[in-house]
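Data first, discussion second: the structure below is written as structure tokens.
The values are calculated or read from the model by the stated rules, or taken from the named source; none is laboratory data. Computed from a prediction, not measured in an experiment: that's the story for all the values here. Here the Cβ positions follow ideal geometry from the backbone for every residue, glycine too, while neighbour counts run over all protein chains shown.
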Amino acid sequence: MAPPRSPSVVVSRVIDGPVTPKVEQDTLLGRGWKPARDASGSPAGVVGAVLRFEGIVRRGERSEAHGGEERDLLALDYQTYDPMAERELHSLAGKIADQHGLSSLVTLHSRGRVAVGEVSFVLIVESPHRAEALAAMSQFIDRLKQDVPIWKKPVWR
Amino acid sequence: MAPPRSPSVVVSRVIDGPVTPKVEQDTLLGRGWKPARDASGSPAGVVGAVLRFEGIVRRGERSEAHGGEERDLLALDYQTYDPMAERELHSLAGKIADQHGLSSLVTLHSRGRVAVGEVSFVLIVESPHRAEALAAMSQFIDRLKQDVPIWKKPVWR
Amino acid sequence: MEVEVLLFGAAATRENSGRVTVVVGAEPTVRDVLAALHEQHPDLRFALPSAETGRLAVNQSFARGEHPIRPGDEVALITLVGGG
Amino acid sequence: MEVEVLLFGAAATRENSGRVTVVVGAEPTVRDVLAALHEQHPDLRFALPSAETGRLAVNQSFARGEHPIRPGDEVALITLVGGG
């Protein structure tokens with residue numbers, strides 16, 4: 001008989017400004033989350049695959065006002081519908097973690113201005129095997145782009 | 001006209017023992033590789049997606065000698081056919097990076113003993129958009145498991 | 001009755017405002033408000049090509065079709081989002 | 001002639017050795033060596049159910065079918081690998 005599955009650990013948060021390594025670390029420490037690689041995290045040996053995605057603001061963005069041509073950005077301004085955005089983010093995180101039997105799922109998304117080259121989105125997925133981790137990551141990002149009320153506004157150079 | 005694409009940066013290496021954060025950092029620094037998030041890395045604004053995969057040795061492994069039942073491991077011993085393993089790893093990295101137009105691809109794989117909970121494999125993919133990064137990652141891992149002469153031997157508890 | 005609808009993203013930019021008002025009958029539903037938005041605010045049609053394609057949040061939760069809108073509800077038009 | 005073939009992973013464990021020797025005709029090819037491995041080393045059949053399913057590296061590169069094996073070549077049987 002398979003042992004009962006531990007519930008997934010889920011951390012989700014909307015961050016003001018870019019997701020810097022320091023902000024990320026402080027947030028995760030604050031929520032008591034540690035990477036599987038640290039023996040002090042989840043019981044060693046359960047997690048076999050850790051996937052991490054970072055979304056970074058690119059310099060070139062298509063401008064609707066310029067016939068879809070790519071123009072240079074300074075930054076993106078992320079507008080969130082609060083507190084619905086954070087609640088939808090958390091609810092999506094829980095659903096995906098549960099559905100794929102993940103050990104943990106961490107997601108951080110920026111609100112407000114994020115300059116070109118800075119990180120606006122982080123997703124970490126930990127699971128026993130690689131296939132679920134990859135599937136969960138793709139599905140999370142697709143549904144984020146459908147259901148979480150966050151809009152981006154280009155700040156042109 | 002699209003600007004000419006910069007060639008991909010590729011770093012690949014076989015590491016003795018587990019891929020610890022320190023070993024990883026030293027190796028990447030030694031090869032002059034920096035994450036896209038650091039402005040000092042690739043020109044800011046080209047990379048929009050960074051994906052990272054870590055493979056960790058799990059406690060439970062199916063034992064052929066016990067009818068495929070899952071048994072407890074102490075470690076995995078990775079045997080590599082040298083120097084072919086490192087050459088195939090590098091050649092695969094170059095092919096995948098090129099094929100998907102990646103900005104960079106980093107891959108580190110262990111040789112020798114890696115204990116339960118330790119990292120034996122790291123893959124980092126940087127690309128303008130998320131879709132190529134995800135496709136490149138899946139394809140890289142599939143082909144690694146076909147073509148790179150590395151074998152694992154369970155060390156039972 | 002009148003219903004105030006919050007706008008975000010490109011919809012807010014186009015209307016040059018974070019909210020618009022629509023006039024609907026008594027005891028309106030989500031469907032009624034979407035139809036009124038489409039009818040009474042042609043500038044929003046780039047994001048709301050038909051009433052059926054629209055999506056509302058009522059009191060910060062997605063709500064559909066026959067869901068009633070009551071006085072005092074917080075109503076928001078959730079046009080194409082763009083996180084990640 | 002005799003060809004020495006390097007073994008790895010479960011194949012080496014099963015043979016209790018990192019190499020086996022096969023006897024083949026003059027001017028052998030990859031195909032000939034795989035057939036000889038299958039024929040002369042039944043213990044390897046768990047990983048080499050038929051000669052056609054086998055894969056050799058010659059001088060540390062994958063080589064197929066009619067690729068010739070010359071005296072002094074380094075020949076290795078690459079059974080199912082398991083990195084990652």
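Just to verify a result, which residue in the stretch C:7-16, among those that are surrounded by fewer than 19 Cβ atoms within 10 Å (Cβ to Cβ) and not polar (S, T, N, Q), is farthest from the other protein chains (Cβ to nearest Cβ)?
C:Glu15
Every condition in (1) away from chain A (no Cβ under 14 Å); (2) free of Cβ contacts under 8 Å to residues at least 40 places away in the same chain; (3) more than 23 Å from A:Val148 (Cβ to Cβ) is met by C:Thr29 except one, and the failing one is (2). For the stretch C:34-84, a residue qualifies if it is in contact (Cβ under 8 Å) with a residue 60 or more places away in the chain and within 11 Å of another protein chain (Cβ to nearest Cβ), and the qualifying residues are C:Glu74, C:Ala76, C:Leu77, C:Ile78, C:Thr79, C:Leu80, C:Val81, C:Gly82. Looking across the stretch C:1-26, the residues that are under 22 Å from C:Gly83 (Cβ atoms) and in contact (Cβ under 8 Å) with a residue 40 or more places away in the chain come down to C:Val5, C:Leu6, C:Leu7, C:Phe8, C:Gly9, C:Ala10, C:Ala11.
Tell me the strands (runs of 3 or more DSSP E) entirely within the stretch B:1-116 that contain at least 2 residues that are hydrophobic (A, V, I, L, M, F, W, C) and surrounded by 19 or more Cβ atoms within 10 Å (Cβ to Cβ). The qualifying strands (runs of 3 or more DSSP E) are B:9-16, B:49-56, B:69-80, B:104-115. Among the residues of the stretch C:12-57, the ones that are more than 26 Å from A:Asp77 (Cβ to Cβ) and aliphatic (A, V, I, L, M) come to 10 in all. Taken residue by residue, the stretch A:132-139 has no member that is in a strand (DSSP E or B), within 13 Å of chain B (Cβ to nearest Cβ), under 13 Å from the mean Cα position of the chain (by Cα) and buried (at least 21 other Cβ atoms within 10 Å of the Cβ). The sole residue among A:Arg87, A:Arg31, A:Arg37 that is without any contact (Cβ under 8 Å) to a residue 40 or more places away in the chain, more than 12 Å from every other protein chain (Cβ to nearest Cβ), closer than 25 Å to A:Leu134 by Cα and among the basic types (Lys, Arg) is A:Arg31. Would it be correct to say that B:Ala97 is within 16 Å of B:Ser6 (Cα to Cα) and touching a strand residue (DSSP E or B) at 6+ places or on another chain (Cβ under 9 Å)? The answer is yes for B:Ala97.
Let's see how each residue does on (1) under 23 Å from B:Lys153 (Cα atoms); (2) modelled with pLDDT of 95 or more:
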{"position": "D:Val23", "(1), (2)": "no, yes"}
{"position": "D:Val30", "(1), (2)": "no, yes"}
{"position": "D:Pro49", "(1), (2)": "yes, no"}
{"position": "D:Arg64", "(1), (2)": "no, no"}
{"position": "D:Pro68", "(1), (2)": "no, yes"}
{"position": "D:Asp73", "(1), (2)": "no, yes"}
{"position": "D:Ala76", "(1), (2)": "yes, yes"}
{"position": "D:Thr79", "(1), (2)": "yes, no"}
{"position": "D:Gly82", "(1), (2)": "yes, no"}
